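K.L.:
Encoded as structure tokens, here's the structure I'll be asking about.
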Amino acid sequence: MDHPEQPSSLIHAMEGERERMLKMVQQEYIRYLYFREGLSIREINRRTGHHRETIRRYLEGPRFKYERKARPQYPVLGPYLDVIDEWLTKDQSAPKKQRHTARRIFERLCAEYGFEGGESTVRDYVRRRRQELGLKEVYLPLQFRPGESMQVDWGEVVVFDESRECEVKVPMFAARLAYSTDMFVRVYPHSRMEAFLDGLRRSFEHFGGVPKEIVLDNTRTAVKRFIGWDGREETDAFLSFRTYYVVRSRFCNPGSGHEKGLVENLVGYARRNLLVPVPRVRSIDAQGLEPLNEQLLQGALASRSKRRGNSTDTVGALYEEERAILHRLPERPYDCATRVLALVDSCARVRFETNLYSVPYLHAGSKVELKVYVDRIDVVADGRVVATHMRSYGRYGQFIELDHYLEVLARKPGGLNHFRGWQNHRLPSCYENLLAAMLQAGRNVKEFIDVLLLRRDHEDPARVDEAVTKSLVRNCPHLEAIRQLVAHTSQSDITGEPAEVPEALRTYRVAPPDVSCYQQLITKGVGR
């Protein structure tokens, strides 16, 4: 018996029902693989051929409220799970802003353990291990023109101070060009005015030019006081700096650090990518931090090879475009010093903070100006620098230069042995040997002081050092011998050119003199 012909509407309905049932079966199978078997989305995609977005949509179906029971499987990452767990555990005692990110963990696995898996697998595992929840604030997407803006900020980082054998926090200056996102970071012993200005100057020099404006917080080094709702009176030092480099300032609203989000992110980026694990420094003064700053500079230069955000261009390519727009640097850099008046005491010392620094004895009892830099202190008197000391960040130290007191020692030679400047001198060892040899030979201390004066006032002190060494070898340890050796060394350095004799002088002959007249004098002398 023949079956009656089915209406077309019924056929379409049956096909729709089959398609719906097929999707239900596919959805059930995908959710089974994910929640029961513990397979990742990547593995389900490989097995079923469904797009990852389709798989995610099936997993988020509103009709299903299952919780995943099985532990996700990580066949490639499995051998490294204990290593990751150890890092995450140690992060609990590390500074909050210098802990591992998923990307940093992935980079370390590749570099230190030869991991060959994907970054998304590491991210998935780290996210599940941390179980982080939180609300995200929505921000406006911004766009900047080349050379328009530079954002600056201070952050804190933790370093291990080998001189103290402990971890300490030090300030980090961060600057970022808003268009190219090229960066500059540098750590300092403090964040006072001289460090703030030094960081701005170095960032301009690093970028190769000056932007139109600086975006920054209402830091005390830049803002003296608020005027009205949005007005600000800038500090004299910051205003002078801005005027010198012809750059505007734009301050964020109080408590609105997100208005300079690029540099806020830079502080965190530097902590996570350039300062993990916690770096070790010799000390936290300018000299001790210099190796770390060189490391940070190399990290900033290396970041130019990375792609900028969602752009197809690298940071370096955009930076080269922006550098051509930046205002050129002045011929001479700004003098980033804090100026302080000080009184020289009767021992020819000035006090800054809790430390004492020596000046030439002639300035005892007078007022001088201190130009305080991050790394040194210049003492200015009568419009010129009369002494320079490396700046100390310790407390209650005395930094005495022997050369500042030589004339006083010449009048009081008996005080040399206990003089702090002699006990902590930086002279070559030959001078201690010279003093011992002079005393053994019956010479006095004043003569030794005269040798030190000769060295201080000579245009090339190394030449005097060489003469002192020679005098000891030749067993003539006294002032006049050293002076002769210095003079001889000076003359021996002068190499004369052979003189040319004119042709007329070469052929000229002088007749020998007649000495017979002198014979008469001899004869008369004998007769008498």
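The values are calculated or read from the model by the stated rules, or taken from the named source; none is laboratory data. These figures come from a predicted structure and were not determined experimentally. Ideal geometry is used to build each Cβ from the backbone, glycine not excepted, and the neighbour counts take in all protein chains shown.
K.L.:
Any chance region 177-193 includes a residue that's among the aliphatic types (A, V, I, L, M), under 16 Å from Val247 (Cβ atoms) and in contact with a strand residue (DSSP E or B) (Cβ under 7 Å, 6 or more places away or on another chain)? Write out each step before concluding.
P.N.:
Taking region 177-193 and keeping what is among the aliphatic types (A, V, I, L, M), we get 177-178, 183, 185, 187, 193.
Going one step further and asking which of them are under 16 Å from Val247 (Cβ atoms), we end up with 177-178.
Pick out the ones that are also in contact with a strand residue (DSSP E or B) (Cβ under 7 Å, 6 or more places away or on another chain) and you get 177-178.
Checked region 177-193: at least one residue is among the aliphatic types (A, V, I, L, M), under 16 Å from Val247 (Cβ atoms) and in contact with a strand residue (DSSP E or B) (Cβ under 7 Å, 6 or more places away or on another chain).
K.L.:
Given the residues Leu77, Leu33, which is the only one that is of a type in the set (A, V, I, L, M), at pLDDT 75 or above and either more than 50 Å from the chain's Cα centre (by Cα) or exposed (fewer than 12 other Cβ atoms within 10 Å of the Cβ) (or both)? Explain how you work it out, then say what you get.
P.N.:
Details: Leu77 fails: either more than 50 Å from the chain's Cα centre (by Cα) or exposed (fewer than 12 other Cβ atoms within 10 Å of the Cβ) (or both).
Selected residue: Leu33, the only one of Leu77, Leu33 that is of a type in the set (A, V, I, L, M), at pLDDT 75 or above and either more than 50 Å from the chain's Cα centre (by Cα) or exposed (fewer than 12 other Cβ atoms within 10 Å of the Cβ) (or both).
K.L.:
Conditions: (1) surrounded by 14 or more Cβ atoms within 10 Å (Cβ to Cβ); (2) over 27 Å from Leu326 (Cβ atoms). Gly228 meets all but one. Number of the miss?
P.N.:
Failing condition for Gly228: (1).
K.L.:
From (1) outside any loop (DSSP other than H, G, I, E, B); (2) touching a residue at least 40 places away in the same chain (Cβ under 8 Å); (3) out of contact with any helix residue (DSSP H, G or I) (no Cβ under 6 Å at 6 or more places or on another chain); (4) of a type in the set (Gly, Ala, Ser), pick out the condition that doesn't hold for Ser283.
P.N.:
It fails just one condition, (1).
K.L.:
Please work out which one of (1) closer than 30 Å to Ile482 by Cα; (2) of a type in the set (Ser, Thr, Tyr); (3) surrounded by 16 or more Cβ atoms within 10 Å (Cβ to Cβ) is the condition Tyr357 fails and give its number.
P.N.:
Failing condition for Tyr357: (1).
K.L.:
Further, regarding this structure: So, Thr235, is that one in contact with a helix residue (DSSP H, G or I) (Cβ under 6 Å, 6 or more places away or on another chain), touching a residue at least 12 places away in the same chain (Cβ under 8 Å) and within 26 Å of Val340 (Cβ to Cβ) or not? Outline the logic, then answer.
P.N.:
Working: in contact with a helix residue (DSSP H, G or I) (Cβ under 6 Å, 6 or more places away or on another chain): no; touching a residue at least 12 places away in the same chain (Cβ under 8 Å): yes; within 26 Å of Val340 (Cβ to Cβ): yes.
No.
K.L.:
Can you give me the number of residues within region 93-131 that are surrounded by fewer than 15 Cβ atoms within 10 Å (Cβ to Cβ) and of a type in the set (Phe, Trp, Tyr)?
P.N.:
Residues that pass the stated criteria total 1.
K.L.:
Same structure again: Which number in (1) out of contact with any strand residue (DSSP E or B) (no Cβ under 8 Å at 6 or more places or on another chain); (2) assigned by TED's automatic domain parsing to the domain that holds Phe173 marks the one condition that Ile284 misses?
P.N.:
Answer for Ile284: the failing condition is (1).
K.L.:
Looking only at region 293-352, which residues are part of a loop (DSSP other than H, G, I, E, B) and of a type in the set (Lys, Arg)? Write out each step before concluding.
P.N.:
Filtering region 293-352 for residues part of a loop (DSSP other than H, G, I, E, B) gives 306, 308-313, 324-326, 328-337, 344-348.
Answer for region 293-352, where residues must be part of a loop (DSSP other than H, G, I, E, B) and of a type in the set (Lys, Arg): Lys306, Arg308, Arg328, Arg332.
K.L.:
Going by what's in this entry, would Val168 be described as surrounded by fewer than 16 Cβ atoms within 10 Å (Cβ to Cβ), β-branched (Val, Ile, Thr) and in contact (Cβ under 8 Å) with a residue 40 or more places away in the chain? Before you say what the answer is, go through the steps one by one.
P.N.:
Working: surrounded by fewer than 16 Cβ atoms within 10 Å (Cβ to Cβ): yes; β-branched (Val, Ile, Thr): yes; in contact (Cβ under 8 Å) with a residue 40 or more places away in the chain: yes.
In short, yes.
K.L.:
Tell me whether region 405-423 contains one or more residues that are closer than 30 Å to Leu289 by Cβ and out of contact with any helix residue (DSSP H, G or I) (no Cβ under 6 Å at 6 or more places or on another chain). Explain how you work it out, then say what you get.
P.N.:
The initial filter retains those residues of region 405-423 that are closer than 30 Å to Leu289 by Cβ, namely 420-421, 423.
With out of contact with any helix residue (DSSP H, G or I) (no Cβ under 6 Å at 6 or more places or on another chain) added as a condition, the list becomes 420, 423.
Yes, that holds for at least one residue.
K.L.:
Suppose the filter is among the hydrophobic types (A, V, I, L, M, F, W, C), modelled with pLDDT of 90 or more and touching a Pro at 6+ places or on another chain (Cβ under 7 Å); does Val210 pass it?
P.N.:
Details: among the hydrophobic types (A, V, I, L, M, F, W, C): yes; modelled with pLDDT of 90 or more: yes; touching a Pro at 6+ places or on another chain (Cβ under 7 Å): no.
Answer is no for this residue.
K.L.:
With Leu485, Leu505 as the choices, which residue is at pLDDT 65 or above, assigned to a helix (DSSP H, G or I) and farther than 30 Å from Met438 by Cα?
P.N.:
Working: Leu485 fails: farther than 30 Å from Met438 by Cα.
The match here is Leu505.
K.L.:
Moving to a separate point now. Applying the selection to region 80-92, what residues are under 27 Å from Ile44 (Cβ atoms) and surrounded by fewer than 12 Cβ atoms within 10 Å (Cβ to Cβ)?
P.N.:
Within region 80-92, Asp82 is the sole residue that qualifies.
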